[in-house]
1. Within the stretch 242-254, which residues are over 21 Å from the mean Cα position of the chain (by Cα) and surrounded by fewer than 22 Cβ atoms within 10 Å (Cβ to Cβ)?
2. Of all residues in the stretch 82-101, count the ones that are without any contact (Cβ under 8 Å) to a residue 60 or more places away in the chain and not in a loop (DSSP other than H, G, I, E, B).
3. Name the pairs: first residue in the stretch 67-81 and within 15 Å of residue 118 (Cβ to Cβ), second residue loosely packed, with under 14 Cβ neighbours inside 10 Å and modelled with pLDDT under 95, Cβ to Cβ under 7 Å, at least 6 apart or on different chains?
4. Check residue 109 against each of (1) surrounded by fewer than 19 Cβ atoms within 10 Å (Cβ to Cβ); (2) within 23 Å of residue 151 (Cβ to Cβ); (3) touching a strand residue (DSSP E or B) at 6+ places or on another chain (Cβ under 9 Å) and name the one condition it does not meet.
5. In this structure, does residue 145 turn out to be in a helix (DSSP H, G or I) and either touching a residue at least 40 places away in the same chain (Cβ under 8 Å) or over 27 Å from residue 377 (Cα atoms) (or both)?
6. Scan the stretch 315-342 residue by residue and report those that are outside any loop (DSSP other than H, G, I, E, B) and either crowded, with 19+ Cβ neighbours inside 10 Å or on the phi > 0 side of the Ramachandran plot (or both).
7. Could you check how many residues of the stretch 255-267 are under 21 Å from residue 171 (Cα atoms), in contact (Cβ under 8 Å) with a residue 60 or more places away in the chain and surrounded by fewer than 22 Cβ atoms within 10 Å (Cβ to Cβ)?
């Protein structure tokens with residue numbers, strides 16, 4: 001959609017849905033080739049890739065993300081059918097099979113040429129939004145389908161009720177559990193964790209015409225959603241109003257000299273006992289499903305850090321295929337099918353509803369600058 005308007009408020013007819021995701025290896029022999037794809041163009045030797053590979057090898061070389069996307073695809077198909085939408089769902093990944101170019105070719109071969117993309121990432125940054133838009137533009141060019149296939153994209157859904165509700169349920173459950181165990185509110189902490197990104201990329205996240213501060217729209221969005229989660233939990237569990245919480249980061253990579261968003265989740269956990277904390281709820285706020293960063297960085301490293309600190313710890317669920325989440329994703333699809341006015345679109349923070357058509361200069365890649373991107377205004 002190459003339009004000047006931020007929100008598309010007229011109905012648009014689409015032939016199919018394109019589920020776009022990161023991808024992951026499905027066997028030991030896939031791990032290094034997959035990591036080469038993830039880091040393509042950066043000249044990282046295989047010896048350094050092996051430092052990350054052991055996370056995957058710990059789980060037999062299989063990332064859970066592909067199985068999760070198969071389950072999400074099936075859930076979306078059921079929900080679309082239940083609402084009377086005869087829209088097939090094609091699934092393609094950025095870094096591993098099935099690849100995006102395969103999905104787009106399959107759609108075109110079936111006569112489905114007006115595609116609405118749904119990326120499995122809720123927030124605004126280069127890797128979570130613009131890179132997908134660049135992937136769409138690249139695939140259309142490389143497949144020779146740029147003149148006959150179009151790819152639009154649903155808005156970023158970080159504060160859509162369907163995405164937020166599973167986190168509310170998880171945090172509420174963890175706090176109620178701690179309280180039932182005799183831990184008072186003053187001894188409970190809630191850490192909302194998301195993937196760290198380089199500071200230069202963070203500053204460039206979101207549209208350029210808004211001053212987002214040093215950490216950009218990416219951190220601003222996460223903080224707003226975390227605050228909404230805690231406010232909602234407090235409506236049902238009054239004691240939660242006195243519980244301290246903060247946004248933390250995980251999964252950083254790159255050279256130590258390069259500044260990334262901080263603090264690290266494990267560093268914060270280590271400091272909690274000195275603050276009088278006895279229990280911690282670790283909330284994977286930046287993730288839509290239990291993929292490798294959740295299984296390793298949170299379920300393994302962060303939980304080990306909590307045990308070492310002598311803390312009672314719970315990792316709350318990701319949305320996965322929670323009915324509220326799946327229903328919310330189809331709500332986003334219907335917004336575009338029906339041209340829902342922006343004023344009628346649900347959102348849980350003052351930042352929403354986010355744009356259908358990304359603004360100029362949104363989420364620049366500091367390493368490569370602006371490349372052609374679908375579903376937004378140039379550059």
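The values are calculated or read from the model by the stated rules, or taken from the named source; none is laboratory data. Note that the structure is a prediction, hence the values are computed from the model and not measured. Don't worry about glycine lacking a Cβ; one is built from the backbone with ideal geometry, like all the others, and counts go over all protein chains shown.
1. Of the stretch 242-254, the ones over 21 Å from the mean Cα position of the chain (by Cα) are 242-244.
Scanning the stretch 242-254 gives 242, 244.
2. 2
3. none
4. Single failed check for residue 109: (3).
5. Details: in a helix (DSSP H, G or I): no; either touching a residue at least 40 places away in the same chain (Cβ under 8 Å) or over 27 Å from residue 377 (Cα atoms) (or both): yes.
In short, no.
6. First, the residues of the stretch 315-342 that are outside any loop (DSSP other than H, G, I, E, B): 315, 323-338, 342.
Across the stretch 315-342, the qualifying residues are 315, 325, 326, 328, 329, 330, 331, 332, 333, 335, 336.
7. 1
Yes or no, residue by residue, for (1) more than 18 Å from the chain's Cα centre (by Cα); (2) assigned to a strand (DSSP E or B); (3) surrounded by 22 or more Cβ atoms within 10 Å (Cβ to Cβ):
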position	(1), (2), (3)
175	yes, no, yes
179	yes, no, no
189	yes, yes, yes
194	no, yes, yes
232	yes, no, no
